[in-house]
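Participant: Supplied in C-alpha cells, the structure appears directly below.
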Amino acid sequence: MRRPLTEVASWPSVRADGPVDEIVSAGSNVVELASGASVPVWLTEPVDGVCRITVGGPPAASPVLVDGLSDRPWTGPLEGWAAAALAPRSGSGRRADGGWMVSLPLAPEAAVYGGGESFQGPDLRGRRRTLVNVETHGASGYDLSYLNVPFLWSNGWGVLCPSGGPVVADVGATHSETAFVGTEDDVLDLFVLRGEPLDLLRQYHALSGLPGRFPEWALGLWTSRCSYLSEAEIAEVLDGYEAADCPVDVVHVDAWVAGNVIEDLACNWTVDRTRFPEGWVQRLGERGVRVSLWHNPYVVKGSERAAELESLGLLVPGAVTADKDDRLIIDFTNPAAVEWWHERVRETVASEGIHAFKPDFAEELPEGATLFDGRPSRAARNEYSLLYQRATHDAMGGDEVALFCRSGTTGAQRYPCHWVGDTPSTWPGLVTALRACLSLSLSGFAFVSHDVGGFWTGGSQAWVEEAFKVMDNRDVPADVEPELFGRWAQWGALSPVLRFHGTGRREPWAYPDPWGSAAVAACRLRNDVLRPYLAKAAAQASSEGVPMMRPPALTHPEARVDSLQFLLGDDVLVAPLLAPGGTRTFWVPPGRWSPLLGLTAVEGPGWITVECGPEQFPAWVRD
C-alpha cells in the first residue's frame, strides 16, 4: 500500500534545532537519508482528500485516531500540495537524537491555528510551542497548557501528527517563513489536510472522531465550589438560588470521598457518609438538580486502594506524580486497570445515582517509567489523558455522557466537555481563559468551558485549608472583585457550557448589586431564551464537528479579524468585556444584529465601540 515518491527530488536543509539526518532523495518506496540509511515510506488516503505520510514503518492504529481508517494508496498529485503549503518536498529529516522533523513553508501573512489550549491566544504565528500537557498550578498567560493537540492549520492546509507524546511546533519563530513540526517518535506519521477552515475541521474529525453528544440538561447552569462539603451545605446553596429566582441544573462536588481531598489530591472512591448520607443525590433530585462528582487517576501511597492496585499490578511501576511524591498513578494502558476503573465508576453511579463526572488532572506522566503496553511513559505523556477520560466515558455508557475534563489531546473531543483549568480571578485571568477557549475551539474541541469568576484569588489557599480541617465551607467569602465577577458571569452565560466554580463563593446571587443581579439576569437569559438554541448548536457540533464557540478565523477568515470575540452557534455574536469600565471595541460581521442584553442594534461589516452599563453586555442575535 505504497505510492512512489517520484516527484520528490531533494529536500532542503532547513531545521528547527539540533543536527538533522536530512532526506536527500526518494525512490519508489524508500527515502535516502544523508547518513546513507534507507527508510521505507507509505503514502495512503485514510479519508477522502487526506494524504497520510508514514516514514519508517507502516500506518498503525492509535487511540487518538478513530478505528477503521482506510489504508488505500494515495493516488492524488503531490505537486498541488506545495501550493497548499505542504508537500514532502518542503523539507523533513530524522533528528540525530531520534524522532522526526517536518518543515512547512508559510505564506507571508498567514495566521496559524490549532495546537490545543493556549493561554496566549489562538494565532500561533511567530511562536514556538512544545505541545506537552502540564499541570499549570493556576498560572495563566504563560505558554503552558493542560491540553495540547498536534493539529495545526492555516488558510488552505492543515497537518495532524497523531503522536501520544510531546510534539514541537515552531511556527515562524526560528525562521519567519517556515514552520517546523518535530516528533520524538521512531516512525513519522503525518496527515496532510487541505481546504477551507471548516473543511479542515471536518477532516480532523474524520480522522480523530466527532465531538461526543452532550446532554441538553448539561447546557444549563453548573454550580460548584472548592468544594461543597456536605449535603446540608448544598441545601443552603440551593435555597439561595431559589430565593434569587436563578435557575440551576447541576451541582458539582469535589470532596465527596472520605479523607481530606485538598491534602491528598487523590481519589479513594469511598463515599464519606457522615457528610453525604444515603439518598443525598435523590433528595437533591427532588429539587430539580443533577449531581456531578470529581475524580482523578491517583491513589495515595500506603492507602488501602494503593495496596489493592499494587497487588493487582495496575499502577505505573515506580511512578509518582511530579508535584506530590506520595501519589501513585493508575496505568490505563493495562486492560485490567481499565476494567477496575469501569467497576469503580459503575458502582458509584449505581450507589449514588449521579449524572456526571469531572475527570480532573492526568496531565503528567513522570519520565523514566515503562507502561504496561511496553512504551516509555514519555511516549504516552499526552495520550494518557485520553485513555483516562475514555475509561470514565465508556463506563458510564450511553450516547450522551456529561464529563467535565481538564486535560486531553487529539481525540479527547469525543468525551466532552473540556474546561481551561484553574485560572486566576483577575481581569487578565478572564482574558487568558477566553484565549484558551478560542484556541481549543479552533483545535477540534466543540464543547469548551471556564470557571466563571476564576478559580483562585490571593490568600484563598488559607481559608480553603481551614474549611477542610472542619469540613465546613459555608463561611468562605465571595472573594472576586464584583464588577469582574458580573462581567465573567455574563460571558459564562453566553459560553457553550456554564459553570460557576472557585475557591470562594461563586454563586451569582452571593455578589452585591448591581453585579449580582446582572449575573443572575444573564443566567435567566440563558435558561429562558437560549436553551433551545444552545441544544441545536450542540447537536450540530456533535453531528458536523462545528464548535459551539466560533472565532472569526473560522466564520469569517476573509476578514482577517484577530479579535477576542466569537459566534455562539450560527447566530449569536459575543464580544466579552475584557477590562473594567464597560467599553468594548469589536468587529461586527455582515448583517443587522439585535441586542440580547441591553444596548442597541448594530450593523456590519465594520468595527464599532460600545459602552455597557452593569446589566448591558456586548451580545447580539443575527436578524
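Participant: Fully extended, how many nm does the chain gain between HIS175 and ALA37 (0.36 nm per residue separation, minus their Cα-Cα distance)?
Facilitator: Working: separation 138, 0.36 × 138 = 49.68 nm, distance 2.77 nm.
The span from HIS175 to ALA37 would gain 46.9 nm if fully extended.
Participant: Length gain on complete extension for the stretch ASP528 to GLU109, per 0.36 nm per residue less the alpha carbon to alpha carbon distance? It would help to have the intermediate numbers written out before the result.
Facilitator: Numbers: separation 419, 0.36 × 419 = 150.84 nm, distance 4.33 nm.
The ASP528-GLU109 span can extend by a further 146.5 nm.
Participant: What's the exposure ranking of PHE445, PHE357, going from fewest to most Cβ atoms within 10 Å?
Facilitator: With the fewest neighbours first, PHE445, PHE357 line up as PHE357, PHE445.
Participant: If the label point is 7 Å along Cα→Cβ of ASP323, which residues in the stretch 257-273 have backbone nitrogen under 16 Å from it?
Facilitator: Label zone hits: 261-267.
Participant: Be a star and scan the stretch 540-572 for residues whose amide nitrogen sits under 12 Å from the point 7 Å along the Cα-to-Cβ vector of ASP623.
Facilitator: Inside the label zone: nothing.
Participant: With both partners inside the chain, how many of the DSSP beta bridges are antiparallel, as a percent to the nearest 5?
Facilitator: On the way: 79 of 102 bridges.
Of those bridges, close to 75 percent are antiparallel.
Participant: Just want the ordering: SER594, SER563, from fewest to most Cβ atoms lying within 10 Å of their own Cβ.
Facilitator: Numbers: SER594 12, SER563 15.
With the fewest neighbours first, SER594, SER563 line up as SER594, SER563.
Participant: Calculated from the structure, semi-axes √(5λ) of the Cα gyration tensor in Å equals which of [x] 41, 36, 24; [y] 41, 31, 20; [z] 77, 29, 22?
Facilitator: From the options [x] 41, 36, 24; [y] 41, 31, 20; [z] 77, 29, 22, the structure gives [y].
Participant: Here's something else I'd like to know. Taking the chain as the reference, fit the longest principal axis to its C-alpha atoms, fit the long axis of helix 531-544 to the helix C-alpha atoms, and give the angle between the two in degrees, 0 to 90, nearest 10.
Facilitator: In the chain, helix 531-544 runs at an angle near 20 degrees to the longest axis.
Participant: Label points 7 Å out from Cα along the Cβ direction at GLU466 and ARG287: separation in nm?
Facilitator: 2.5 nm
Participant: For the Cα atoms of the chain, what angle does the longest principal axis make with the long axis of helix 427-441, in degrees from 0 to 90, nearest 10?
Facilitator: 50 degrees
Participant: Does anyone have the angle between helix 460-470 and the longest principal axis of the chain? Alpha-carbon axes, 0 to 90°, nearest 10?
Facilitator: 60 degrees
Participant: Give the calculated FRET efficiency between ALA258 and ARG474 to the nearest 0.05, with a Förster radius of 22 Å applied to their Cβ-Cβ distance. Mind dumping the intermediate values first?
Facilitator: Working: r = 20 Å, r/R0 = 0.92.
After rounding to 0.05, the efficiency reads 0.60.
Participant: With each run of n ≥ 4 DSSP H residues scored as -39500 (n - 2.57), what mean residue ellipticity at 222 nm is computed for the chain after dividing by its residue count and rounding to the nearest 500 deg cm²/dmol?
Facilitator: On the way: 14 runs with 148 residues, N = 623.
It comes out at -7000 deg cm²/dmol, rounded to the nearest 500.
Participant: Give a quick list of trypsin sites (Lys or Arg not before Pro) in the stretch 541-601 that DSSP marks as loop, anything other than H, G, I, E or B, with at most 13 other Cβ atoms within 10 Å. If you can, show how the numbers build up before the last one.
Facilitator: Working: sites: ARG560, ARG584, ARG592; in loops: ARG560.
In loop regions of the stretch 541-601 (DSSP not H, G, I, E or B), the sparsely surrounded trypsin sites (Lys or Arg not before Pro) are ARG560.
Participant: FRET efficiency for LEU312 and ARG375, Cβ-Cβ distance as r, R0 = 22 Å, nearest 0.05?
Facilitator: For LEU312 and ARG375, the calculated efficiency is 0.60.
Participant: Could you tell me the relative contact order of the chain? Use alpha-carbon pairs under 8 Å, at least six residues apart, and round to a whole percent. Write down the numbers at each step before the final one.
Facilitator: On the way: 1511 pairs, mean separation 81.6, N = 623.
13 percent.
Participant: Sorted by mean Cβ packing within 10 Å, highest first, what order do the peptides 65-73, 253-261, 297-305 take? Don't jump to the answer; show the numbers that get you there.
Facilitator: Details: 65-73: 13.6, 253-261: 20.8, 297-305: 18.8.
So the peptides 65-73, 253-261, 297-305, ranked by packing, come out 253-261, 297-305, 65-73.
Participant: Then there is this: Quick check: pseudo-label points 7 Å beyond the Cα along Cα→Cβ at ALA601 and TRP340, how many nm apart are they?
Facilitator: Rounded to a tenth, the inter-label distance reads 6.4 nm.
Participant: So how much slack lies between GLU304 and THR585, counting 0.36 nm per residue of separation and subtracting their Cα-Cα distance, in nm? Show your work: numbers first, answer last.
Facilitator: Numbers: separation 281, 0.36 × 281 = 101.16 nm, distance 5.68 nm.
Roughly 95.5 nm would be gained on extension.
Participant: Going by average Cβ density within 10 Å per residue, which order do the peptides 32-38, 467-473, 330-336 take, highest to lowest?
Facilitator: On the way: 32-38: 13.3, 467-473: 15.9, 330-336: 19.7.
Final packing ranking: 330-336, 467-473, 32-38.
Participant: R0 = 25 Å: FRET efficiency of ALA350 with GLU216, Cβ-based, nearest 0.05? Walk me through the numbers before you get to the answer.
Facilitator: Numbers: r = 23 Å, r/R0 = 0.94.
After rounding, the FRET efficiency stands at 0.60.
Participant: Rounded to whole Hz and in sequence order, give me ³J(HN,Hα) for the stretch 233-244 from the Karplus expression 6.51 cos²θ - 1.76 cosθ + 1.60, θ = phi - 60°, writing x for Gly and Pro.
Facilitator: So the J values, rounded to whole Hz, are 5, 5, 4, 5, 4, 5, 4, x, 5, 5, 5, 8.
Participant: Now, a different point. ³J(HN,Hα) across the stretch 164-177 via Karplus (A = 6.51, B = -1.76, C = 1.60, θ = phi - 60°), whole Hz, x for Gly/Pro?
Facilitator: My calculation for the stretch 164-177 gives x, x, x, 10, 9, 10, 9, 9, x, 7, 6, 10, 4, 10 Hz in order.
Each reported figure results from applying straightforward, stated rules to the coordinates on display, with no laboratory input. Since the model is a prediction, treat every value here as computed from it, not as a measurement. Neighbour counts are summed over all protein chains in view; Cβ atoms, including those assigned to glycine, are modelled from backbone coordinates with ideal geometry.
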